[in-house]
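Bear in mind these aren't lab numbers, they're just calculated from the coordinates by the rules spelled out. Being a predicted model, the structure only gives us computed values, none of them experimental. All Cβ positions, glycine included, derive from the backbone under ideal geometry; neighbour counts span all protein chains shown.
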Amino acid sequence: MELTVLALDGKEAGKVSLSQEIFGLEPRPDLIQRCVNWQLARRQRGTHKTKDRGEVARTGKKMHAQKGTGGARHGSQRANLFRGGGRVFGPVVRSHAIDLPKKVRALALRHALSSKAKDGGIVILDKATVSEGKTKVLAGQLDKLGWGNALIVDGQEVEANFQLAARNIPNIDVLPVQGINVYDILRRKTLVLTKTALDALEARFK
């Protein structure tokens with residue numbers, strides 16, 4: 001697959017061929033879904049917590065006599081059926097993370113990239129650099145290019161001015177190539193790869 005390389009000003013800056021091993025696979029939704037579920041599970045903080053009957057601040061004294069009152073038999077007021085009592089089977093602090101083999105995650109990333117390529121959602125950018133970190137200038141350039149909802153992936157480090165200019169633009173994410181992931185690829189309409197990022201991806205998977 002051959003794509004035109006664009007500059008931020010919209011001019012063509014050559015052509016580049018995409019590897020079929022990375023961008024030419026037939027996308028498998030099951031692999032992609034497994035990886036997205038794995039990512040979202042790891043993002044959950046798991047800090048939710050309720051108090052059980054051993055943690056609420058109420059007396060443990062028996063409420064009334066066992067027999068003779070005409071009422072039900074009760075002991076501690078910490079029981080869950082009383083107002084102010086503990087909760088039964090409430091959430092506890094825990095990790096929501098699940099396991100997914102590294103090879104499956106790597107394969108899912110290739111399938112996500114292939115899915116974007118198949119939909120025509122991949123754009124190759126010459127360089128992700130700006131002369132000054134002005135959001136208004138960069139937003140205008142991206143608007144002219146039609147990138148209103150995009151993930152921009154650069155090389156090992158994103159240029160500081162570009163990062164500053166892009167961080168306040170809605171629906172625009174900027175990542176270094178080592179941070180590329182399935183969920184962020186799918187949640188944005190356009191995937192913009194710099195030539196440096198493309199070379200790094202091909203070196204990673206070959």
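Key figures for this structure:
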quantity: Qualifying positions in segment 86-114 - of a type in the set (Gly, Ala, Ser) and on the phi > 0 side of the Ramachandran plot; calculated: none
quantity: Residue that is farthest from Leu25 (Cα to Cα) [pool: residues in segment 82-107 that are exposed (fewer than 11 other Cβ atoms within 10 Å of the Cβ) and touching a Gly at 6+ places or on another chain (Cβ under 8 Å)]; calculated: Val93
quantity: Odd one out for Thr59 among (1) touching a Ser or Thr at 6+ places or on another chain (Cβ under 8 Å); (2) in contact (Cβ under 8 Å) with a residue 40 or more places away in the chain; (3) surrounded by fewer than 12 Cβ atoms within 10 Å (Cβ to Cβ); calculated: (2)
quantity: Boolean, Ala197 is small (Gly, Ala, Ser), within 22 Å of the chain's Cα centre (by Cα), under 27 Å from Ile22 (Cα atoms) and buried (at least 20 other Cβ atoms within 10 Å of the Cβ); calculated: yes
